[in-house]
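Contents: one structure, followed by commentary.
All of the numbers you see were taken from the coordinates with simple rules; none came from a lab. For clarity, every value in this text was computed on a predicted model and none was experimentally measured. Note: ideal-geometry Cβ built from the backbone for every residue, glycine included; neighbour counts use all protein chains shown.
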Amino acid sequence: MSDAIVIGAGPNGLVAANILADAGWQVDVLEGRPEPGGAVRSDRAVHADYLHDVFSSFYPLAVASPAIGALGLGEHGLRWSHAPTVLAHPLPDGRCATLHRGTAATCAGLDSAFGGADAEAWQRLSQLWDDLDPHLLRTLFTPFPPVRAGVAMAARLRAAGGLRALRFMTLPVRRLAQEEFTGPGAGLLLAGCALHADLLPEGVGSAAFGWLMAMLGQQVGWPVPVGGAAALTGALVRRLAAVGGRVHCNTEVVEVVVRGGRALGVRTADGQAYRARRAVLADVAAPALYGSLVGWEHLPPRMRADLHRFQWDFSTVKVDWALDGAVPWAAPAAAGAGTVHLGADLDELSDYALQLSTGRLPRHPFALLGQMTTADPSRSPAGTESAWAYTHVPQVIKDDLGPDGITGTWDTREAEAMANRIESQVERFAPGFKDRIVARRVLTPPVFEAWNPNLVGGAINGGTTAPHQQLVFRPVPGTGRPETPVAGLYLASSSAHPGGGVHGACGANAARAALRSHRLLAGRVLAPGLAAAQRLLSGPAERHD
Ligand SMILES: Cc1cc2nc3c(=O)[nH]c(=O)nc-3n(C[C@H](O)[C@H](O)[C@H](O)COP(=O)(O)OP(=O)(O)OC[C@H]3O[C@@H](n4cnc5c(N)ncnc54)[C@H](O)[C@@H]3O)c2cc1C
């Protein structure tokens with residue numbers, strides 16, 4: 001029997017398992033898919049000479065994460081690689097906004113393309129980050145309420161401008177761009193970063209989210225693992241094995257066994273039962289845990305109503321390409337970037353996001369494009385590029401604003417039409433791009449979900465990043481912590497605070513909660529027993545009366 005069962009070998013599950021195993025627990029990770037990694041995997045299925053990350057690619061959050069940093073994955077073979085430029089946002093007029101490691105380089109780029117005033121404004125925003133670092137990330141990565149980290153953060157916030165700094169945290173990125181910048185470039189950098197989550201340029205908090213991603217890029221880059229995303233998973237798995245943990249693939253969990261309000265273990269699709277002496281940690285989406293793996297009869301009635309209001313983030317379509325040469329960007333500055341954002345201007349980004357929110361498939365999809373060989377030369381032969389781009393699509397399509405009549409069945413015709421639309425968006429900024437394509441693969445929402453059941457309907461962040469489902473509202477109001485209504489059961493996936501991205505904080509928080517609860521329980525049960533044993537051993541108690 002294991003001390004803990006972890007359901008799912010995504011990054012959160014594997015970080016949780018490592019922390020528990022470090023504490024001396026016997027841990028078994030049960031993964032439904034044939035290989036571990038969740039949305040952190042790579043393959044050569046597009047073309048034998050090209051390595052592609054199947055889902056996620058860039059890992060600033062992993063590098064900045066105290067939980068992943070503490071695992072020392074470098075000793076288990078993980079090496080990072082950086083593109084010359086972190087991020088580029090080319091404009092139709094040939095100018096290009098670029099983000100670099102180091103504030104000075106970003107400011108120099110903004111200065112030459114968009115003017116000194118925007119460079120100065122960017123410098124001020126970077127200073128705010130420096131003032132709050134590292135307390136902001138520590139506050140975000142710990143469970144709510146973040147008592148110790150929160151106190152330090154509040155003090156820093158006060159010193160960094162108090163209410164004005166707080167106001168900044170609530171701003172929509174469009175408003176921030178209007179207040180701070182004269183040209184279009186700097187605002188586009190931030191708005192594009194906000195659209196890594198499902199945050200509209202007009203959405204509350206979209207400025208802060210975009211700023212956080214951009215500032216991380218300046219501070220630690222947006223690095224990729226040498227040898228593909230799977231190298232990060234490989235390091236996590238090897239480290240776990242080194243401390244005695246085990247990963248069992250092709251082992252889908254279909255039930256968390258609950259008796260008397262406590263999780264005792266799990267049952268798998270092949271009918272096996274796995275007992276867990278101390279805890280079950282679920283690296284699964286909240287709606288898959290509550291009411292599915294754990295029956296409603298074990299949950300408070302309010303949970304059902306709350307889960308009914310759970311909101312998924314946007315769906316996704318991704319295209320992976322093997323290219324026989326570099327992307328022929330019209331704006332040369334985009335050539336060295338690991339990530340390129342493709343959208344003509346802020347209005348186009350806003351239209352796109354609003355169309356997604358109202359169930360209409362955009363004619364001009366904002367796309368995030370990864371130039372993986374530029375970021376890590378090991379991904380494909382010299383002179384070629386292993387590339388991908390993804391865009392978001394509505395979870396339910398009511399109308400297609402493009403010419404293809406895509407309805408959301410995502411059959412072969414719709415998948416190919418959507419891939420062509422994404423390619424046309426690239427072609428707008430890189431004429432001749434389509435001629436470089438040697439092979440491609442299209443991942444539609446049903447494919448995402450089939451390859452990883454956490455990516456429900458193609459959602460990539462375990463639920464919306466909007467403020468109404470963050471912090472104490474994630475995944476449902478009143479939690480914000482990994483504990484669940486079932487004793488000994490913890491939510492460890494990106495559906496838990498602090499949400500999507502490869503930072504391992506959801507898993508780390510769940511593991512620490514399990515350890516803490518076990519210590520408390522051991523204290524309550526064992527302490528009286530130990531005291532009695534001590535009394536017995538030390539003979540009759542002395543009388544003091
Ligand atoms: C296309 C795409 C691009 C992304 N890009 C980035 C990026 O560049 N940088 C970044 O930081 N983040 C990115 N993300 C987000 C990031 O990958 C996720 O937030 C992160 O992987 C979440 O980790 P997780 O461990 O919570 O879940 P997952 O990675 O989804 O792993 C969950 C695992 O649990 C398994 N599982 C689920 N249910 C069961 C069950 N019942 N029994 C057994 N196993 C089960 C699944 O098979 C899966 O292996 C991207 C995601 C996608 C899809």
For this session: May I ask you to derive the relative contact order of the chain, considering only C-alpha pairs under 8 Å and at least 6 residues apart, and to give it as an integer percent?
Result: 22
Exercise. By what distance, in whole Å, do the Cα atoms of segment 1-78 stretch along each of the three principal axes, largest value first?
Worked result: 42, 29, 19
Exercise. Of A375, Q395, T407, whose Cα points farthest to the positive end of the dipole of segment 366-422 (charges on the beta-carbon: +1 Lys, Arg; -1 Asp, Glu; origin at the Cα centre)?
Worked result: A375
Exercise. For A154 and Q26 in the same chain, what is the full-extension length gain: residue separation times 0.36 nm, less their Cα-Cα distance, in nm?
Worked result: 42.2 nm
Problem set entry | Sorted by Cβ density within 10 Å, fewest first, the residues E449, E414, E297, E31 | E297, E449, E414, E31
For this session: Please state the charge dipole magnitude for segment 1-147, taken about the Cα centre, from unit charges on C-beta atoms (+1 on K and R, -1 on D and E), reported in debye and rounded to the nearest 20.
Result: 120
For this session: Subtracting the Cα-Cα distance from 0.36 nm times the residue separation, let me have the gained length for D270 to Q127 in nm, one decimal.
Result: 46.0 nm
For this session: Would you mind ranking M418, M153, M372 so that the residue whose beta carbon has the fewest other beta carbons within 10 Å leads the list?
Result: M153, M418, M372
Seminar exercise, completed: Taking r as the C-beta separation of R262 and T407 and R0 as 51 Å, the FRET efficiency to the nearest 0.05 is 0.65
Exercise. When only C-alpha pairs under 8 Å and at least 6 residues apart count, what is the relative contact order of segment 96-189, in percent?
Worked result: 34
For this session: Would you work out which of L189, G162, Q219 lies farthest towards the positive end of the dipole of segment 146-220, given +1 charges on the beta-carbon of Lys and Arg and -1 on that of Asp and Glu, about the Cα centre?
Result: G162
Problem set entry | Cα-based shape type of segment 228-330, given that a ≥ b ≥ c are square roots of the gyration tensor eigenvalues and the cut on a/c is 1.5 | oblate
Exercise. In segment 316-368, with Lys and Arg counted as +1 and Asp and Glu as -1 at Cβ, which of these residues, A335, H364, V319, has the Cα nearest the positive end of the dipole, that is, farthest along it?
Worked result: V319
Exercise. Between R175 and L354, what FRET efficiency comes out of the Förster formula 1/(1 + (r/R0)^6) with R0 = 22 Å and r the beta carbon distance, rounded to 0.05?
Worked result: 0.90
Problem set entry | Charge dipole magnitude, Cβ of K and R +1, D and E -1 - the chain, Cα centre, debye nearest 20 | 2000
Exercise. Tell me, C249, C506 in order of fewest to most beta-carbon neighbours within 10 Å?
Worked result: C249, C506
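Helix-only mean residue ellipticity at 222 nm, the chain, DSSP H runs n ≥ 4 weighted -39,500 (n - 2.57), per residue, nearest 500. What is it? Spell out each step's value before the answer.
Details: 19 runs with 210 residues, N = 545.
Theoretical 222 nm ellipticity from helices: -11500 deg cm²/dmol.
How many percent of Cα pairs in the chain exceed 32 Å?
Above the 32 Å cut-off, the chain has 44 percent of its Cα pairs.
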Exercise. If you bin the C-alpha pair distances of segment 149-261 every 10 Å from 0, what whole percents do you get?
Worked result: 12, 25, 23, 21, 17, 3, 0
